[in-house]
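What follows is a set of notes on a single structure, which appears directly below.
The values are calculated or read from the model by the stated rules, or taken from the named source; none is laboratory data. Given the structure is predicted, the values throughout are model-derived calculations rather than measurements. Positions of Cβ are generated from backbone atoms using ideal geometry, with glycine treated the same way; all protein chains shown enter the neighbour counts. Only protein heavy atoms, including side chains, enter the accessible area calculation; ligands, DNA and RNA are left aside. Shrake-Rupley method; radii C 1.70, N 1.55, O 1.52, S 1.80 Å.
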Amino acid sequence: MEIWKYTNYLNGWDVGFVYKTHIKKGGLRQFCLSRQRVKMKILWFAVFWLGLTLSHVEGGVYDGFKIYELATKSRSTGVNLLLSELVKNESYYDLYSDNGAAAHIMVHPEAQPEFIELLTGHTLSYKIVNHDVGLTLRRQFETNRMLRNWYPYQGRLGTERYYSQEEINQYIEQLAQEHPSRVFIKTVGKSYEGRWLKTIRITNGDGRANKNVILMDGGFHAREWISPAAVVYAIGELVNNYEAHAQLLLDYDWVILPVVNADGYEYTQLSEDTRFWRKTRQPSSVECIGTDPNRNFGFHWNETGASSDPCAETYAGPRAFSEPEAIVVRDLIHSLADRGKMYLTVHSYGNYILYPWGYIDELPDTWEDLDEVGRAGGDAIKKATNTTYQVGCSTTLLYAAAGASDDYAFNAGFPISFTMELPAGGPDFFDPPASDIDRLVKETWVGIEAMARKVIEKYPLN
């Protein structure tokens, strides 16, 4: 048995080791799996969620990688059950979705012949949707470099390109200067590498204290550039189009942290080889760097869907709240929990509005309230753009992810708490081209606004 280290690039939730198996006549070989040397025999359908992890290697590692689209409708019930078992194992991840949509799989060049053999042996239909990920990334990096030159920051953030964390901070600070009675900036902490993390609080300027609060953040996972872009667009709508959205600010303040994982976000913009970085940048071991900040929260920390391997993409950290970025969000949650009515964290990708629980396959007692608000957002998006969002519990709709911020906020007192997974884009799905930014952020705002209006209706200010 060979062991390769790969990263799954699907939906922003990545994982550790993938074990290479071989087809035998009549089925797949059985073999032993366990960190604790406990032997388990499992029939494998070997789907490789591949992509050589940047934690271990440097250079043009994506040359020759291909992305396959696997039609889920062609899979048998038995194969689907086996894939579900893989999802439950922290060391052998991940099935992006098992809801009837196509699965996208990035495969290392050395694994491609056997991967095709596996698919053929199970008569599974597929197509190649990206023939060379490395080439795609080089072209995208050059395009983004040109766009930065064509559209330099000049006090406004448009939708022509993706912006740096420093430019986003400059933008919100300028909004505060232009609207001193309605916009307030607060420095809430520093990243591991020393970048200032700042929130913007947006009000209607009437000076009333103790209003209800909507807390929103973006950029938990470094490579999900469309997340900060969507959050920044929401900020612009609330501040610059105040008249149209006055009802959203009548009895509610909005507190927004645009980029949680500032170090990782900046790192992904250095070159095509760093584009897929996901974690923070604090060293996790002698060999590896980074913790998944969305597994680092101290509510059922390091349970199902998180990893204890410092090199894994879902590494939960050496302890809960080991990452300064997670501490910042934790402190925001607690400082606002007595007034907070909705917590919304924006991720990519997958067309989901997910609510707790993420650590266990159970619904909270108030799931109907969560479902009602989430469906208000999904229905509004469907009506406006015909884009379909699935709404439901994180664990049952997608998979388990213990130690995430949405569970933490919900447990801390926010009655409504969501992870919103934005649509895929670009040939590698995590990289919507700049030409798609305008459409995606406007579509996202439709859903955010609809959910906010439903929250305001359900939770009026006392």
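So what is the relative contact order of segment 244-335, in percent, for Cα pairs below 8 Å that sit 6 or more residues apart?
21
Sites listed here are GluC sites (Glu not before Pro) in segment 137-240 whose DSSP assignment is loop and whose Cβ has at most 15 other Cβ atoms within 10 Å: Glu160, Glu193.
The mean sequence distance of close C-alpha pairs (under 8 Å, at least 6 residues apart), as a share of the length of segment 127-197, puts its relative contact order at 15 percent. When the Cα centres of segment 233-301 and segment 388-406 are compared, how far apart do they sit, in Å? Cα centres, segment 233-301 to segment 388-406: 18 Å. Spacing of the modelled spin labels on Thr143 and Ile185, each 7 Å from Cα toward Cβ, amounts to 3.1 nm.
With viscosity set to 0.692 mPa s at 37 °C, what whole-number translational diffusion coefficient in µm²/s follows for segment 107-223 from Stokes-Einstein and a Kirkwood radius over Cα pairs?
173
Remark: segment 156-166, residue by residue, has Karplus-estimated 3J(HN,Hα) of 9, 10, x, 10, 7, 7, 8, 10, 7, 5, 5 Hz, where x stands for each Gly or Pro and the curve is 6.51 cos²θ - 1.76 cosθ + 1.60 at θ = phi - 60°.
Mind running the shape call on segment 242-289? Use the C-alpha gyration tensor, a ≥ b ≥ c as the square roots of the eigenvalues: rounded below 1.5 for a/c, prolate if a/b tops b/c, oblate otherwise. It would help to have the intermediate numbers written out before the result.
Working: a/c = 6.42, a/b = 2.69, b/c = 2.39.
It comes out prolate by the Cα gyration axes.
For segment 103-212, applying the loop criterion from DSSP together with a ceiling of 13 other beta carbons within 10 Å to the trypsin sites (Lys or Arg not before Pro) yields Arg156, Arg208. Kindly list the residues of segment 425-461 that lie in the label zone of Glu69, defined by a backbone N under 13 Å from the point 7 Å along the Cα-to-C-beta vector. Under cut-off, by backbone N: 425-429.
For Phe299, the residues whose amide H sits under 5 Å from its own are Gly403, ignoring neighbours fewer than 5 places away on the same chain, with H placed 1.01 Å from N.
What are the equivalent ellipsoid semi-axes of segment 96-165, built from the alpha-carbon gyration tensor (square roots of five times its eigenvalues), in whole angstrom, biggest first?
Working: eigenvalues 284, 50, 14 Å².
Working from the Cα gyration tensor, I get semi-axes of 38, 16, 8 Å.
Which shape class, rounded, prolate or oblate, goes with segment 307-365 when its Cα gyration tensor gives a ≥ b ≥ c as root eigenvalues, a/c under 1.5 marks rounded, and past that a/b bigger than b/c marks prolate?
Values: a/c = 1.72, a/b = 1.18, b/c = 1.46.
Because a/c hits 1.5 or more and a/b fails to exceed b/c, segment 307-365 counts as oblate.
In terms of its alpha-carbon gyration tensor, segment 306-462 comes out oblate; a/c meets the 1.5 threshold, while b/c is at least as large as a/b.
Figure legend: label point modelled 7 angstrom from the Cα of His334 along Cα→Cβ; residues of segment 412-455 with amide N under 19 Å from it are 412-415. Using r as the Cβ-Cβ distance of Lys458 and Glu167, and R0 as 22 Å, what FRET efficiency do you calculate, to the nearest 0.05? Taking R0 as 22 Å, the efficiency between Lys458 and Glu167 is 0.05.
Kindly provide the GluC sites (Glu not before Pro) of segment 286-374 that DSSP labels as loop, not H, G, I, E or B, and whose Cβ sees at most 16 other Cβ atoms within 10 Å.
On the way: sites: Glu287, Glu303, Glu313, Glu325, Glu362, Glu368, Glu372; in loops: Glu287, Glu303, Glu313, Glu362.
Answer by residue number: Glu287, Glu362.
Among the listed pairs Lys198/Lys383; Lys341/Lys442; Lys211/Lys442, which are separated by more than 29 Å between their Cα atoms? Can you show the working numbers first?
Working: Lys198/Lys383 34 Å; Lys341/Lys442 23 Å; Lys211/Lys442 27 Å.
Beyond 29 Å: Lys198/Lys383.
What Kirkwood radius, in Å to one decimal, follows from the Cα pairs of segment 139-201? Let's see the in-between values first.
Details: mean 1/r = 0.0759 Å⁻¹.
After inverting the pairwise mean of 1/r, the radius is 13.2 Å.
Using only the Cα atoms of segment 193-269, each taken as one equal point scatterer with no solvent, compute I(q) by the Debye sum, divide by I(0), and report log10 of the ratio at q = 0.17, 0.26, 0.28 Å⁻¹. So the normalised log intensities are -0.68, -1.15, -1.27.
Accessible area of Ser435 (1.4 Å probe, protein heavy atoms only, ligands and nucleic acids ignored): about 100 Å². Label positions at Glu178 and Glu362, each projected 7 Å from the Cα along the C-beta direction, are separated by 4.9 nm.
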